[in-house]
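Heads up, the thing below is written out as structure tokens.
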Amino acid sequence: MQNVMRYALLSLFLAATACLVMGQNTVTSTVSSNAGEKTATAADMPQGSSSAPDYVIGADDTLHISVWKEPDLSVTLPVRPDGKISMPLLDDIPAAGMTPVLLKELITTRLKKYIADPRVTVVVTAMNSRRVFVTGEVLHTGPMPLLPSMTVLQALAQAGFNQFSNLKGIYLLRTDNGKQQKIPFNYKDVVKGNHPEQNIALKPGDTIVVP
């Protein structure tokens with residue numbers, strides 16, 4: 001009789017233990033599944049606009065525009081000389097003079113006529129409009145990227161002089177409202193601290209001439 005009771009108690013203990021282990025496995029599996037779903041959802045979401053949202057788009061820049069879950073509307077294209085781009089469904093869209101954030105909002109608004117809740121990403125992949133040019137008696141002639149707040153002196157330091165450079169006769173050519181300006185730059189005076197007003201900040205399209 002005692003053996004029978006011991007056997008019954010042992011059977012109940014083993015059954016209770018098995019239920020407890022199964023319950024823990026179920027909870028762990030559910031938590032892991034939910035965590036995986038959250039991770040996948042976050043990864044699928046678009047990330048917004050480019051990393052430099054204050055950048056002003058210009059002609060000749062290259063843009064990558066993607067619409068989440070709409071591969072036919074995702075394109076990489078240049079900004080035309082007239083400052084516009086062309087997208088499926090939307091035709092011509094003004095882009096030059098806008099930041100990536102503003103362009104993203106404009107495209108999103110126009111796509112709402114065709115897509116429910118469009119998620120748009122705008123990235124500037126090539127900043128070709130932000131260039132200046134250095135020509136004449138320098139080691140490196142041609143275009144160079146216009147860095148933020150770059151001055152004439154900084155551009156000349158990047159271009160380098162050769163043995164024939166006329167450091168007193170340098171000048172900057174700038175076109176404003178269709179009119180070309182010739183702005184003198186005396187390198188020797190500027191590096192001595194004289195006439196700092198000549199060391200102006202450059203604008204896209206400026207050309208520095210070293211005679």
Looking at G169, G205, G160, which is the one that is open to solvent by less than 20 Å² (accessible area, probe 1.4 Å) and of a type outside the set (V, I, T)? G160
So Q180 clears everything in (1) touching a strand residue (DSSP E or B) at 6+ places or on another chain (Cβ under 7 Å); (2) open to solvent by less than 90 Å² (accessible area, probe 1.4 Å); (3) not in a loop (DSSP other than H, G, I, E, B) except one condition, right? Which one? (2)
M144 passes all but one of the listed conditions (1) touching a strand residue (DSSP E or B) at 6+ places or on another chain (Cβ under 9 Å); (2) open to solvent by 30 Å² or more (accessible area, probe 1.4 Å); (3) within 19 Å of R174 (Cβ to Cβ); the exception is number (2)
Please pick out the residue among L173, L102 that is within 22 Å of N199 (Cα to Cα) and of a type in the set (A, V, I, L, M, F, W, C). L173
Failed item in (1) in contact (Cβ under 8 Å) with a residue 24 or more places away in the chain; (2) part of a helix (DSSP H, G or I), with I208 passing the rest: (2)
Scanning for something hydrophobic (A, V, I, L, M, F, W, C) and in contact with a His (Cβ under 8 Å, 6 or more places away or on another chain), does segment 138-161 turn up at least one residue? yes
Out of all the residues in segment 195-202, is one or more outside any helix (DSSP H, G or I) and at pLDDT below 95? yes
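The values are calculated or read from the model by the stated rules, or taken from the named source; none is laboratory data. Every value quoted in this text rests on a predicted model; they were computed, and no experiment measured them. Counting neighbours? That spans all protein chains shown, and the Cβs are built from the backbone with ideal geometry, glycine included. Heads up: the accessible areas ignore ligands, DNA and RNA and are worked out on the full protein's heavy atoms, side chains in. Shrake-Rupley method; radii C 1.70, N 1.55, O 1.52, S 1.80 Å.
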